[in-house]
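Just so it is clear, none of the values below were taken in a lab; they were calculated from the coordinates. Not measured: the values here are computed from a predicted model. Reconstructed Cβ throughout: ideal geometry from the backbone, glycine too, with neighbour counts over all protein chains shown.
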Amino acid sequence: MALPTIASYPLPSQAELPMPRHAWQLQPSRAALLVHDMQQYFLAPYPQDAEPLRPVMAHVAALLAQCRAANIPVFYTAQKGNQERCDRGLQAVLWGPGMRATAEHEDIAPPLQPQQGDHVLVKHRYSAFQRSNLAQMLRVRGRDQLMICGVYAHIGCLLTAAEAFQQDIEPFLLADALADFSREQHLQALRWAAATGITPLLTMQALQALGADNAQPAQTNTPLSPSSSCN
């Protein structure tokens, strides 16, 4: 099964954010940012100059700029192309062979590429914590809050947030810095998240909590390249 063609849809508004079961309070000294799977392969199904992708790109860029300015750790996930079957696992049944090992598939979209000091994790499963040292990297940096943005809201973003909660890391889904297959799946992900210990926030709310006066776009840079191996 290939990725679907995704129609334009409006991002969630403040009024549509579900009330979380418990509202974690975002703190710059405790927080880290995860940019989830913003690779060309995963963004290609969207209309490129319309919602949700256009504002999501701007919101992620603003979050990156503020986190880097405030020395808040920035993490990325990125899949590798031409994955071996042992790497891909059951995902091969649902999604087929996945991306090729080419720049047009693997590259993180400009202007969101990793910069010096950012951390790029190879993505193996829906959750960014699976087969990675993300939890350890957060803890050694004294971080126990994780802001998640990227694609797709109801799949990897949601499952990463859920696993963060299970690792005693307070999770935040940045509702208008996420994109999904449809508006209904996007809203469904936020509802499930809010009911299970994950706090949905808008980008502007996160920027205010992190001390930003203005949202500035991140600088374009050459992507860092993650590596992968089968075990």
Discussion item. Taking 0.36 nm per residue of sequence separation and subtracting the Cα-Cα distance, how much length would be gained by fully extending the chain between residue 115 and residue 130, in nm to one decimal?
Written reply: 3.0 nm
Worksheet item: Per Stokes-Einstein, at 4 °C and 1.567 mPa s, what whole-number D in µm² s⁻¹ belongs to segment 29-209, with the Kirkwood radius over Cα pairs as the hydrodynamic radius?
Response: 80 µm²/s
Discussion item. For segment 1-75, which trypsin sites (Lys or Arg not before Pro) pass both filters: DSSP loop (anything but H, G, I, E, B) and at most 14 other C-beta atoms within 10 Å?
Written reply: 21
Worksheet entry | Model label zone, residue 188; criterion: amide N under 19 Å from point 7 Å along Cα-to-beta-carbon; scope segment 105-128 | 126-127
Fill in: Neighbour cut-off at most 12 other Cβ (10 Å), DSSP loop, GluC sites (Glu not before Pro), segment 68-138
84
Fill in: Fully extended contour minus Cα-Cα distance, from residue 86 to residue 101, at 0.36 nm per residue
3.8 nm
Worksheet item: How much net charge surrounds residue 178 when only the other residues with a Cβ under 15 Å from the Cβ of residue 178 are counted, with Lys and Arg +1 and Asp and Glu -1?
Response: -3
Worksheet, complete the sentence: For residue 197, the residues 5 or more places away or on another chain with a placed amide H closer than 5 Å to its own amide H are 21, 22
Response to the item:
In deg cm²/dmol, rounded to the nearest 500, the helical mean residue ellipticity at 222 nm of the chain, built from -39500 (n - 2.57) for every DSSP H run of length 4 or more, is -8000 deg cm²/dmol
Practice prompt. Anything in the chain that counts as a DSSP H helix reaching 27 Å or more along its axis (C-alpha) with Kyte-Doolittle mean of at least 0.0? List them, would you?
Written response: none
Worksheet item: Once label points are set 7 Å from the Cα along Cα→Cβ at both residue 58 and residue 23, what is their separation, rounded to one decimal in nm?
Response: 2.6 nm
